[in-house]
Amino acid sequence: MNVRLSWRQIAAIASLIVAVLVNLPLITLTTHSRWVAVPGVPDSSFTFSRLFFHTLFTFFFIELNRYVLPKKLYRSRMNLVGWYGINFLLYLFLVGLFVVVVLFWYSERPLLVIITSYFRTFFVWITALVLGNFLTVLQQNRAMQAENEQLKQQSLQAQLDALKAQLNPHFLFNSLNALSSLIREGGPASQQYLTKLSQVLRYSLQVQQQTLVPFAEEMQFTAAYSYLLTIRFGSNLRIDNELPDQAPWQIPPMSLQLLIENAVKHNIVSNTRPLTIHLTTDGDNKYIAVSNVNQPKTEPADGMGSGLANLNSRFQLLTGQSIQLSQTDGEFCVRLPIIPLSNHELSNPA
C-alpha cells in the first residue's frame with residue numbers, strides 16, 4: 001500500500017527524531033541518575049519533560065518557517081536576516097519559559113538547568129531552521145513539478161483540440177466547398193483562398209508542440225483564418241481586427257482562432273442579422289478583448305465550453321491570471337491576459 005505522508009506529518013516525525021537524538025545521552029543515563037524530583041523516586045521526569053519540550057520546540061520552528069518562507073511574509077517589514085533574528089528571539093523566549101517551569105523542580109541547581117537547556121536547545125533550534133528550509137524547498141519543488149505536469153496535460157489537451165479542429169470534417173467540407181465555388185467562378189480569388197487554407201493547416205501542425213508562440217505569428221494565422229470565414233459567410237460576417245500585427249507579446253497558439261470560432265458557432269450569422277467580431281486591446285495593454293454582438297442561435301451548438309475552460313487553465317498556469325468572460329444582452333466578450341516577451345521563454349520541445 002502506497003502511503004504518502006503530509007508535510008505536517010513529516011515535520012512531526014522529524015521533530016521527534018531530533019528530540020530523541022539530542023536527549024539520547026540523558027535518556028541512557030536516566031536510570032543511573034542521582035537527581036530526584038521527589039525524594040525516593042528516580043528522576044526520569046526531567047529527561048522526558050525536556051524530550052517533550054524539544055519535540056514541540058522543533059515542530060514549532062519547522063512549521064513556522066515552512067509557513068512564512070514560501071510566502072515571504074516577512075518582506076513587508078524586514079529582510080531574511082531580520083526574520084532569522086525574530087526566530088532567535090523566539091528561541092530565547094521559549095527556552096526561558098521552559099527553564100522557569102523546570103526550576104520549580106530543580107531550584108537547587110539553577111545554573112546547571114539554565115546552561116544545559118540553552119546549550120542543547122540551541123542546536124535543536126539550528127536543526128529546526130535547517131529542516132524548515134529543507135522541507136520548504138522540497139514542498140516548492142513538488143508544487144512546481146505538479147504545476148509542470150498540469151501544464152503538460154493542458155498542452156496535450158490543447159494539441160488534441162487543435163488536431164480535432166484542423167481535421168474537423170465540417171471545417172474541411174465548408175472550406176473545400178467555398179474553394180470549389182471560387183474555382184467555378186474563376187479569377188485569382190481561388191488561388192488566394194487555397195493559399196490561406198494551406199497556411200491555416202500548416203500553422204496548426206507547426207504549433208502542436210508549442211506552449212507559447214510570438215504574437216506576430218498568431219496574428220498571421222488569425223488573419224488567414226478570418227479570410228476563410230469571410231469568404232464563406234461574405235458580408236454576413238465582419239471581423240474587425242484592431243490588434244497590432246507586430247507586438248512584443250506571446251500567446252498560447254490558436255487562442256484567437258478558438259474565440260472567433262466560438263463566436264461564429266454560437267451566434268446567428270445571416271443576411272438579416274450579420275455578425276461583427278471585434279479584436280482589440282484595453283487602454284493599458286494588459287488584455288486582449290475578443291467581443292461580438294450577442295445574438296445566440298435558437299438551438300445552442302454543441303460544447304466549446306471545454307475549449308474556453310482549457311484556454312483558461314492554460315492562461316492560469318502561464319500567467320497566474322484567468323481569462324475574463326462577460327456577457328450582456330447586447331455583447332459577449334472574452335479578455336485574455338497579455339503575456340510580454342520578457343515574462344516567458346518560448347517553449348519549443350523537440
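The values are calculated or read from the model by the stated rules, or taken from the named source; none is laboratory data. Since the structure is predicted, the reported quantities are computational estimates derived from the model, not experimental observations. Here the Cβ positions follow ideal geometry from the backbone for every residue, glycine too, while neighbour counts run over all protein chains shown. We work out accessible area using only protein heavy atoms, side chains counted, and drop any ligands, DNA or RNA first. Shrake-Rupley method; radii C 1.70, N 1.55, O 1.52, S 1.80 Å.
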Taking a cut-off of 29 Å between Cα atoms, list the lysines near residue 72, but don't count ones fewer than 8 places away on the same chain. 152, 286
How big is the accessible area of residue 68 in square angstrom, nearest 10, if you roll a 1.4 angstrom probe over the protein chains? 10 Å²
Taking Cα centroids, how far is segment 45-93 from segment 215-271 in Å? 56 Å
Environment charge at residue 281 (Cβ cut-off 15 Å; Lys +1, Arg +1, Asp -1, Glu -1): -4
Heavy-atom accessible area with a 1.4 angstrom probe orders 93, 59, most exposed first, as 93, 59
In segment 207-289, what percentage of the DSSP-assigned beta bridges are antiparallel, given to the nearest 5? 45 percent
How would 258, 16, 228 rank on accessible area, largest to smallest, probe 1.4 Å? 16, 258, 228
Could you work out the local net charge near residue 217, counting Lys and Arg as +1, Asp and Glu as -1, over the other residues with Cβ closer than 12 Å to its Cβ? -1
Please list 261, 242, 147, 63 from largest to smallest accessible area, probe radius 1.4 Å, with all protein chains kept in place. 242, 147, 261, 63
